[in-house]
1. Just to check your reading of the model, which residue among K295, K334 is open to solvent by 50 Å² or more (accessible area, probe 1.4 Å), in contact (Cβ under 8 Å) with a residue 12 or more places away in the chain and over 13 Å from V166 (Cα atoms)?
2. Please enumerate the residues belonging to region 195-214 that are surrounded by 20 or more Cβ atoms within 10 Å (Cβ to Cβ) and within 12 Å of T232 (Cα to Cα).
3. Could you list, in sequence order, the residues of region 162-212 that are β-branched (V, I, T) and more than 22 Å from V337 (Cβ to Cβ)?
4. Of everything in region 215-236 that's among the acidic types (D, E) and more than 17 Å from G142 (Cα to Cα), which residue is least open to solvent (accessible area, probe 1.4 Å)?
5. So N73 ticks every box in (1) modelled with pLDDT of 95 or more; (2) surrounded by 12 or more Cβ atoms within 10 Å (Cβ to Cβ) but one. Which box is left unticked?
6. Pairs please, first residue from region 30-41 and more than 11 Å from A93 (Cβ to Cβ), second anywhere and open to solvent by less than 20 Å² (accessible area, probe 1.4 Å) and of a type in the set (V, I, T), Cβ atoms under 7 Å, 6+ apart in sequence or on different chains.
7. For region 183-194, which positions are open to solvent by 40 Å² or more (accessible area, probe 1.4 Å), without any contact (Cβ under 8 Å) to a residue 24 or more places away in the chain and under 21 Å from L233 (Cβ atoms)?
Amino acid sequence: MKIAIDAMGGDFAPDEIVKGVEIARDRYEGLEFLLFGTEEKVKPLIQKMDRIKLIGTSEEIEMGEEPVKAMKNKPDSSMVRAANAVKDGEADAFFSAGNTGAILASAIFIVGRIRGVERPALATAFPSFGGQHDEFVFMDLGANAENKPSHLYQYGILGSFYAETVMGIDHPRVRLLNNGGEEDKGDEVHKAAHQLMKGSDAFDFRGNVEAREIMEGTADVVVADGFSGNATLKAIEGTALTMMGQLKDSIKGAGIRGMLGALLLKPALKNLKHKMDFQENGGAVVLGVKAPVVKTHGSAKAKAVANSMGQIERMVQENLVGKTADFIKENAEKMKVKKNVK
């Protein structure tokens with residue numbers, strides 16, 4: 001199984017990307033890695049070339065560049081070359097920690113969109129601290145800055161399929177991220193999306209959900225527009241990091257009694273940190289394209305990169321993309337928004 005990797009994408013690329021690939025190489029015996037990047041920057045970082053092939057590129061897509069323009073104007077960038085390797089059948093999956101918009105553009109225009117999907121989206125399993133399950137599907141996490149109501153409706157279908165197929169959740173409950181629980185809350189896009197989702201039998205829609213409630217186990221799939229989803233994700237991550245840091249400082253400041261208490265609580269705190277640390281949980285999947293495409297956090301370190309490789313291995317082994325395409329074909333009528341409006 002070969003994974004095409006954008007070695008130059010991310011805040012800590014290429015150092016942490018290469019470290020993560022080498023960890024994954026030693027951990028997953030069945031994987032091979034095609035590293036696309038600037039040869040003079042990447043080659044000195046590779047400790048052992050076993051199951052790693054370096055393909056030199058001459059361009060990089062920066063984090064702040066306009067996505068579609070960057071993809072078109074930089075054909076020899078590490079990201080575009082990696083996506084093309086998947087398109088040409090040289091690799092089974094594509095991974096990057098780079099510019100989110102450019103990854104989505106590469107996924108749609110190079111890897112290709114599955115017929116019937118209006119707009120692919122970034123989805124991830126997010127921790128839940130209540131309800132029947134430890135995780136829920138959260139999408140879109142920033143692939144699309146703007147969405148139409150029809151996109152949000154389709155995310156309900158795709159998210160439900162992912163929750164059932166990958167996470168083993170029967171009859172997943174779907175809710176729409178909004179600024180209030182009432183039906184008439186939000187802008188025109190969210191009001192229209194609510195009516196589409198409410199009037200559909202394609203999934204179990206349970207209404208709106210506020211950002212403060214999404215981790216309480218009130219839904220198995222939370223649908224968001226890309227802007228709101230990404231902002232919510234980063235706000236939760238930032239809050240979690242701040243609170244963990246403050247807790248650590250408070251324990252240190254409490255003297256010997258605080259340290260003894262911390263020792264007793266250590267297993268629980270370690271478990272909490274594990275659930276809230278994105279480095280532990282791999283990346284977000286671009287749902288709706290013709291091959292596995294995984295994007296991890298821009299500030300991802302080696303651990304997150306390595307875990308993403310394991311995530312991709314499972315996706316390929318379980319034929320997630322093929323199953324998704326079959327599901328969309330079988331549910332073509334439900335994917336057509338107009339036929340679901342009441």
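The values are calculated or read from the model by the stated rules, or taken from the named source; none is laboratory data. Nothing here was measured: the structure is a model prediction, and the numbers come from that model. Cβ placement follows ideal geometry from the backbone for every residue including glycine, while neighbour counts extend to all protein chains displayed. Keep in mind that these areas ignore ligands, DNA and RNA; they rest on the heavy atoms of the full protein, side chains included. Shrake-Rupley method; radii C 1.70, N 1.55, O 1.52, S 1.80 Å.
1. Details: K295 fails: open to solvent by 50 Å² or more (accessible area, probe 1.4 Å).
Unique residue meeting the criteria: K334.
2. I214
3. Taking region 162-212 and keeping what is β-branched (V, I, T), we get 165-166, 169, 174, 189, 209.
T165, V166, I169, listed by residue number.
4. From region 215-236, those among the acidic types (D, E) are 216, 220, 225; that's our starting set.
Next, from what is left, pick out any that are more than 17 Å from G142 (Cα to Cα): 216, 220.
Details: E216: 109, D220: 8 Å².
Taking the candidates together, the pick is D220.
5. (1)
6. Between residues of region 30-41 that are more than 11 Å from A93 (Cβ to Cβ) and residues that are open to solvent by less than 20 Å² (accessible area, probe 1.4 Å) and of a type in the set (V, I, T), the close pairs are L35/I5; L35/V21; L35/V42; L35/I52; F36/I5; F36/T57; G37/T57; T38/T57.
7. Residues satisfying the conditions are K185, D187.
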